[in-house]
Amino acid sequence: MSQADDTFHISHTVDAPLDVVWKAYTEQEPLMAWFGPSGFSMPFSRFDLRPKGEFHYCLRTPTGFEMWGKWTFVDIVAPEKLSMIVAFSDAQGGLTRHPMSAAWPLQTLSTTTFTAAGDQGEKTHIHIAWAPYESDADEIAAFRAGHASMALGCNGSFAQLDAYLAQLPRP
């Protein structure tokens with residue numbers, strides 16, 4: 001099976017123009033306000049938007065459990081595309097395994113594209129293509145098996161993004 005067959009795809013259209021959505025994904029404060037599952041907080045993040053730069057963050061559950069993650073930016077084409085290597089990490093930024101799945105790929109490659117939508121460009125279509133990166137067969141199988149839970153997680157984050165965008169002032 002080719003890597004293309006293992007790619008997870010999800011799309012969502014938000015009620016905000018492209019430039020606003022781009023900022024929500026590429027600036028530290030907005031990203032901290034909406035990224036992650038409902039009820040989680042982000043007590044720490046370090047953000048450096050440039051190729052080979054990183055977004056290193058901590059997500060904390062309502063019960064206090066912390067999960068660390070890291071994006072290493074690969075390709076940035078404002079305001080159309082954001083590509084990054086995604087990994088779980090520790091507080092120091094080192095790579096770690098998924099806290100609930102030892103077979104999960106150590107790294108994945110996620111590419112998010114943004115397209116103006118709506119009659120006046122008042123909406124933005126977001127598409128995520130996400131695939132195992134430098135992974136072995138067991139990791140690829142775990143990633144493939146996780147597509148349904150990834151959809152739940154992404155849709156939860158999209159709901160958070162929708163709520164964040166809805167509270168921004170409108171022109």
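The values are calculated or read from the model by the stated rules, or taken from the named source; none is laboratory data. Every value quoted in this text rests on a predicted model; they were computed, and no experiment measured them. Backbone-built Cβ (ideal geometry, glycine too); neighbour counts: all protein chains shown.
In region 124-171, which residues are of a type in the set (F, W, Y) and under 20 Å from P99 (Cβ atoms)?
Passing the criteria: W130, Y133, F143.
Filter region 23-56 down to the residues that are under 17 Å from C154 (Cα atoms) and aromatic (F, W, Y) and list them by number.
Within region 23-56, Y25, W34, F35, F40 meet the criteria.
Restricted to region 10-21, and to residues that are assigned to a strand (DSSP E or B) and of a type in the set (A, V, I, L, M, F, W, C), which residue is farthest from the chain's Cα centre (by Cα)?
Residues of region 10-21 assigned to a strand (DSSP E or B): 10-14.
Filter once more, keeping what is of a type in the set (A, V, I, L, M, F, W, C): 10, 14.
Numbers: I10: 11, V14: 15 Å.
Ranking the candidates gives V14 first.
Filter region 72-97 down to residues that are of a type in the set (A, V, I, L, M, F, W, C), in contact (Cβ under 8 Å) with a residue 24 or more places away in the chain and closer than 30 Å to A116 by Cα, then give me how many there are. If you could, list the steps in order and put the result at the bottom.
So the first thing to find is which residues in region 72-97 are of a type in the set (A, V, I, L, M, F, W, C), and the list is 73-74, 76-78, 82, 84-88, 91, 95.
Next, only the ones that are in contact (Cβ under 8 Å) with a residue 24 or more places away in the chain stay: 73-74, 76, 78, 82, 84-86, 91, 95.
Going one step further and asking which of them are closer than 30 Å to A116 by Cα, we end up with 73-74, 76, 78, 82, 84-86.
Going through region 72-97 one residue at a time, the tally reaches 8.
For F44, indicate whether it is of a type in the set (F, W, Y) and surrounded by fewer than 18 Cβ atoms within 10 Å (Cβ to Cβ).
Working: of a type in the set (F, W, Y): yes; surrounded by fewer than 18 Cβ atoms within 10 Å (Cβ to Cβ): yes.
It is true that F44 is of a type in the set (F, W, Y) and surrounded by fewer than 18 Cβ atoms within 10 Å (Cβ to Cβ).
So, in region 123-171, exactly how many residues are part of a helix (DSSP H, G or I), more than 17 Å from the chain's Cα centre (by Cα) and among the hydroxyl-bearing types (S, T, Y)?
Total meeting the criteria: 0.
Is it the case, given these coordinates, that G93 is surrounded by fewer than 16 Cβ atoms within 10 Å (Cβ to Cβ), closer than 19 Å to P37 by Cα and either touching a Lys or Arg at 6+ places or on another chain (Cβ under 8 Å) or not acidic (D, E) (or both)? Steps first, answer last, please.
Numbers: surrounded by fewer than 16 Cβ atoms within 10 Å (Cβ to Cβ): yes; closer than 19 Å to P37 by Cα: no; either touching a Lys or Arg at 6+ places or on another chain (Cβ under 8 Å) or not acidic (D, E) (or both): yes.
So G93 does not fit the description; no.
Report yes if P79 is under 15 Å from W22 (Cβ atoms) and not β-branched (V, I, T), otherwise no. Explain how you work it out, then say what you get.
Working: under 15 Å from W22 (Cβ atoms): yes; not β-branched (V, I, T): yes.
So P79 fits the description; yes.
Out of T7, T26, which single residue is more than 13 Å from the chain's Cα centre (by Cα), among the polar types (S, T, N, Q) and surrounded by 17 or more Cβ atoms within 10 Å (Cβ to Cβ)? Break it down into steps so the answer makes sense when it comes.
Details: T26 fails: more than 13 Å from the chain's Cα centre (by Cα).
Being more than 13 Å from the chain's Cα centre (by Cα), among the polar types (S, T, N, Q) and surrounded by 17 or more Cβ atoms within 10 Å (Cβ to Cβ) holds for just one of T7, T26, which is T7.
May I ask you to say which residue of G69, G94 is over 23 Å from S11 (Cβ atoms) and of a type outside the set (A, V, I, L, M)?
Values: G69 fails: over 23 Å from S11 (Cβ atoms).
Residue meeting the stated conditions: G94.
Among the residues of region 102-141, write down those that are touching a residue at least 40 places away in the same chain (Cβ under 8 Å), more than 15 Å from D5 (Cβ to Cβ), among the small types (G, A, S) and surrounded by 15 or more Cβ atoms within 10 Å (Cβ to Cβ).
A116, A117
Using beta carbons and a limit of 8 Å, which pairs, at least six apart or on different chains, have the first residue in region 25-45 and farther than 14 Å from W68 by Cα and the second one modelled with pLDDT of 95 or more and loosely packed, with under 14 Cβ neighbours inside 10 Å?
Partner pairs satisfying both residue conditions: T26/A78; W34/A163.
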